């Protein structure tokens, strides 16, 4: 069985799979708390490079990892992750 989510589309060459961007505030939350990537990775049980990939948006976390990140920072998951870009810090709100 082919587990590639794009397989039916690729086989038919007719449809495309949209890329879903997940925005996050991991780097900001780490900086606010003075936590290194390595320390966060160790607390979550992942490789420190995974934290970097997450911060840069190169990797979308599993639901389990997203919930563990939110629990680690003691905030709601919506504070850490969003499907919409977060407002820039210091940006004026109308």
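The values are calculated or read from the model by the stated rules, or taken from the named source; none is laboratory data. Note that the structure is a prediction, hence the values are computed from the model and not measured. Methodologically, a virtual Cβ is constructed for each residue, glycine included, from the backbone with ideal geometry; neighbour enumeration extends over all protein chains shown.
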Which numbered condition residue 50 misses (of (1) under 19 Å from residue 79 (Cβ atoms); (2) surrounded by 15 or more Cβ atoms within 10 Å (Cβ to Cβ)): (1)
The range 74-87, subset modelled with pLDDT of 95 or more and farther than 13 Å from residue 28 by Cβ, residue surrounded by the most Cβ atoms within 10 Å (Cβ to Cβ): 77
Count - residues of the range 61-73 that are in contact with a helix residue (DSSP H, G or I) (Cβ under 8 Å, 6 or more places away or on another chain) and farther than 16 Å from residue 34 by Cα: 6
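Condition check ((1) modelled with pLDDT of 95 or more; (2) surrounded by 15 or more Cβ atoms within 10 Å (Cβ to Cβ); (3) at positive phi; (4) within 14 Å of the chain's Cα centre (by Cα)) across all residues:
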| site | (1), (2), (3), (4) |
| --- | --- |
| 36 | yes, no, no, no |
| 58 | no, no, no, yes |
| 68 | yes, yes, no, yes |
| 72 | yes, yes, no, no |
| 89 | no, no, no, no |
Residues located in the range 74-83, provided they are over 19 Å from residue 39 (Cβ atoms) and within 12 Å of the chain's Cα centre (by Cα): 77, 78, 79, 81, 82, 83
Residue 20 out of contact with any helix residue (DSSP H, G or I) (no Cβ under 8 Å at 6 or more places or on another chain), modelled with pLDDT of 95 or more and either farther than 22 Å from residue 88 by Cβ or surrounded by fewer than 14 Cβ atoms within 10 Å (Cβ to Cβ) (or both): no
